[in-house]
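Here's the structure, in structure tokens; my notes come after.
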Amino acid sequence: SQKIEQNSEALNIQEGKTATLTCNYTNYSPAYLQWYRQDPGRGPVFLLLIRENEKEKRKERLKVTFDTTLKQSLFHITASQPADSATYLCALGANNNDMRFGAGTRLTVKP
Amino acid sequence: SQTIHQWPATLVQPVGSPLSLECTVEGTSNPNLYWYRQAAGRGLQLLFYSVGIGQISSEVPQNLSASRPQDRQFILSSKKLLLSDSGFYLCAWSVIGEGQYFGPGTRLTVT
């Protein structure tokens, strides 16, 4: 069966460091991979989309990689700040009507 | 700019009572619309999606139903709620090739 795994439930890092979150998948060939941020009690906020033919995408302090051979995406936040503390979700799909979400990784950036 | 509204924000309903959650989108035409449910500490589960008025696809068989009476209106309903229907319900919209944009959510507690 299809499986999406985000590396850990929680990740704690020091302010200013780079946070790296992992999303692995099995039994899946997604055309899209997306990353979202979710704060407690709020809906997820779309951050980045990367397609299967793209290796890397950047947006400000965010960088996403997509390795279809390893079946893995890495999500990096450089120069992390306490305001980056949130849960980050990855989502994969063949199209936008078929997106499957991981359970998320809760990131805490300590000052 | 586009905005998405959901109401109510919170709801407490007894088992066996009906449910109606409403979602409306402004500032876009013919969006894809989605209903998700998120259980505590879990990932998002896609319940329904719609690519146009009157067109509903169900992902999970259950006692919930969805309708899209207008282009930018999406309604989630139930005739008789179960305890297991408790959760955080999220509506989202998208256009082809982009991420999904979520509403603020409805926290439903079935007692």
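The values are calculated or read from the model by the stated rules, or taken from the named source; none is laboratory data. All figures in this text were calculated on a predicted structure; none of them were measured in a lab. As a convention, Cβ positions derive from the backbone with ideal geometry for all residues, glycine included, and neighbour counts pool all protein chains shown. Just the protein is used for accessible areas: all its heavy atoms, side chains included, with ligands, DNA and RNA removed. Shrake-Rupley method; radii C 1.70, N 1.55, O 1.52, S 1.80 Å.
Could you compute how fast chain A diffuses translationally, taking Rh as the Kirkwood radius over C-alpha pairs and applying Stokes-Einstein at 25 °C with viscosity 0.890 mPa s? Give it in µm² per second. Numbers along the way, then the final one.
On the way: Rh = 13.9 Å.
After rounding, the answer is 176 µm²/s.
The smallest convex shape that holds all Cα atoms of the protein assembly as shown, its convex hull, gives 124 Å³ per residue. In the context of the full set of protein chains, the protein assembly as shown has a per residue accessible area of 48 Å² (1.4 Å probe).
Annotation for the stretch B:25-90 versus the stretch A:86-111: alpha-carbon center distance of 19 Å. Candidates B:Pro31, B:Trp7, B:Ser86 compared by Cα position along the dipole of chain B: farthest toward the positive end lies B:Ser86, with charges placed on Cβ.
Expressed in whole Å with the largest first, what are the equivalent ellipsoid semi-axes of chain B derived from the C-alpha gyration tensor as the square root of 5 times each eigenvalue? The partial results should precede the final answer.
Numbers: eigenvalues 103, 39, 33 Å².
Here the semi-axes work out to 23, 14, 13 Å.
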